[in-house]
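A.B. asks: Below is one structure. I have some questions about it.
The values are calculated or read from the model by the stated rules, or taken from the named source; none is laboratory data. Everything numeric here is computed off the predicted structure, so don't read it as measured data. Positions of Cβ are generated from backbone atoms using ideal geometry, with glycine treated the same way; all protein chains shown enter the neighbour counts.
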Amino acid sequence: MRILITGGAGFIASHIAERFVRAGHEVTVLDNLSHGDARRIPPQARLLQADLLSPQVGDLFKAWKPEVVCHHAAQIDVSTSLKQPLTDAATNILGTLALLLHCRNHGTRKIIYASSAAVYGTPLYLPVDENHPVKPLSFYGISKHSPEHYIEAYSSLYGLDYTILRYANVYGPRQDPTGEGGVISIFLNKLARGETPVIYGSGNQTRDFIYVQDIVSANAAALTAGSRQTLNVSCNRSTSVNELLHMLCRLSGRTVTPEYKPAQPGDIVHSVLSNRAAAASLNWTPRYSVLEGLKDTLASIGD
Ligand SMILES: NC(=O)c1ccc[n+]([C@@H]2O[C@H](COP(=O)([O-])OP(=O)(O)OC[C@H]3O[C@@H](n4cnc5c(N)ncnc54)[C@H](O)[C@@H]3O)[C@@H](O)[C@H]2O)c1
């Protein structure tokens, strides 16, 4: 298949690019390298270094006619979305809309869209399934959710197939520990530097952590399954931040006492996503426990 992977120089989609290339697909990565690194892109894939909104993207669609668009390029930082809502919306909403226009104009069969658990806001019940009300708490949550509507409308109006994947907390090699990167990459970075990790609140707050290779396999399954579905991609397991740090210390043979600071306003206490619908529609299940994923992540450091 000819697959355009947006954001393929970033954390998650660079792993997807590797898997798709290995499976024999023809891959082009579209990334403006604002938060990515071209060295992560497998050599068999082509890079178009351009913004989602650039006219070069239309030229690429015209010349290359991708069959599937696997859309991961995004502004991913919650606090940036609060400080610069226009930039956030331009990338996440208008950027997706621009891709949809190209898909329609050039006969793309399907879009796979990387959405987020952030669309749900504070859970009203657990595990959060796809019927849970959507009430984002940040502009990032809004800008990840709005494209879902455009995608559904493009599908019903013009026949574009889609799978929307709402990811839980993704972790693994190449995740950026700076800014508001995932807590796992932040802890790993602190441990590697011999610094004290900070935990906001009691540390008993829980999240659903999913290893990046399980996200990759959900995307691979979505190439041929999950038609016109919106699916959570998660482990359906909750792990507290304290447990997480404990596991990381055990695996890396270190002992640290974290510094506890007051919980940040708006922090969600418990979050876990049901993955039953993805299991049924994609014939997919996550293969990595948190411990196994952490082991792999630690082993990759220094690669
Ligand atoms: N990391 C997570 O835990 C998580 C959870 C839920 C959803 N997601 C979604 O998964 C996707 C990938 O996230 P990630 O963690 O790999 O982020 P990332 O920042 O590592 O990757 C995003 C990539 O998009 C590129 N990009 C940003 N703006 C662009 C633009 N205007 N034009 C072209 N390229 C642009 C960046 O350079 C970067 O390489 C995002 O859509 C994100 O919302 C991530």
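A.B. asks: So which of V128, V170, V119 is away from the ligand (no atom under 12 Å from the Cβ), touching a strand residue (DSSP E or B) at 6+ places or on another chain (Cβ under 8 Å) and β-branched (V, I, T)?
C.D. replies: Of V128, V170, V119, the one residue that is away from the ligand (no atom under 12 Å from the Cβ), touching a strand residue (DSSP E or B) at 6+ places or on another chain (Cβ under 8 Å) and β-branched (V, I, T) is V128.
A.B. asks: Still on this structure, please answer the following. Is at least one residue of the stretch 182-189 modelled with pLDDT of 95 or more, among the polar types (S, T, N, Q) and under 18 Å from S289 (Cα atoms)?
C.D. replies: no
A.B. asks: Another question about this same structure. Are any residues in the stretch 280-303 more than 14 Å from I184 (Cα to Cα), in a helix (DSSP H, G or I) and in contact (Cβ under 8 Å) with a residue 12 or more places away in the chain, and if so, which ones?
C.D. replies: S281, L282
A.B. asks: Restricting to the stretch 81-95, and then to whatever is surrounded by fewer than 17 Cβ atoms within 10 Å (Cβ to Cβ) and more than 10 Å from the ligand (Cβ to nearest atom), can you tell me which residue is nearest to V269 (Cα to Cα)?
C.D. replies: Here the residue is L82.
A.B. asks: While we're on this one: Can you find a residue that is surrounded by fewer than 24 Cβ atoms within 10 Å (Cβ to Cβ), within 30 Å of G266 (Cα to Cα), within 10 Å of the ligand (Cβ to nearest atom) and modelled with pLDDT of 95 or more anywhere in the stretch 96-103?
C.D. replies: So far as the stretch 96-103 goes, no, none of its residues is surrounded by fewer than 24 Cβ atoms within 10 Å (Cβ to Cβ), within 30 Å of G266 (Cα to Cα), within 10 Å of the ligand (Cβ to nearest atom) and modelled with pLDDT of 95 or more.
A.B. asks: Hey, among the residues in the stretch 226-270 that are in contact with a helix residue (DSSP H, G or I) (Cβ under 7 Å, 6 or more places away or on another chain) and in a strand (DSSP E or B), which one's surrounded by the fewest Cβ atoms within 10 Å (Cβ to Cβ)?
C.D. replies: Filtering the stretch 226-270 for residues that are in contact with a helix residue (DSSP H, G or I) (Cβ under 7 Å, 6 or more places away or on another chain) and in a strand (DSSP E or B), the one surrounded by the fewest Cβ atoms within 10 Å (Cβ to Cβ) comes out as Q229.
A.B. asks: Still on this model: Which of the residues that make up the stretch 1-50 are over 15 Å from W64 (Cβ atoms), surrounded by fewer than 24 Cβ atoms within 10 Å (Cβ to Cβ) and touching a Pro at 6+ places or on another chain (Cβ under 7 Å)?
C.D. replies: E18, V21
A.B. asks: Report every pair of residues separated by at least 6 positions or lying on different chains whose Cβ atoms are under 8 Å apart, first residue within the stretch 222-242 and farther than 28 Å from S155 by Cα, second of a type in the set (D, E).
C.D. replies: C235/D208; C235/D214; N236/D208; R237/D208; S238/D208; T239/D208
A.B. asks: If you go through the stretch 48-82 one residue at a time, how many are under 17 Å from S34 (Cα atoms) and of a type outside the set (A, V, I, L, M)?
C.D. replies: Residues that pass the stated criteria total 11.
A.B. asks: Same structure again: Taking the condition modelled with pLDDT under 95 and either farther than 21 Å from R166 by Cβ or within 16 Å of the chain's Cα centre (by Cα) (or both), does G36 pass?
C.D. replies: yes
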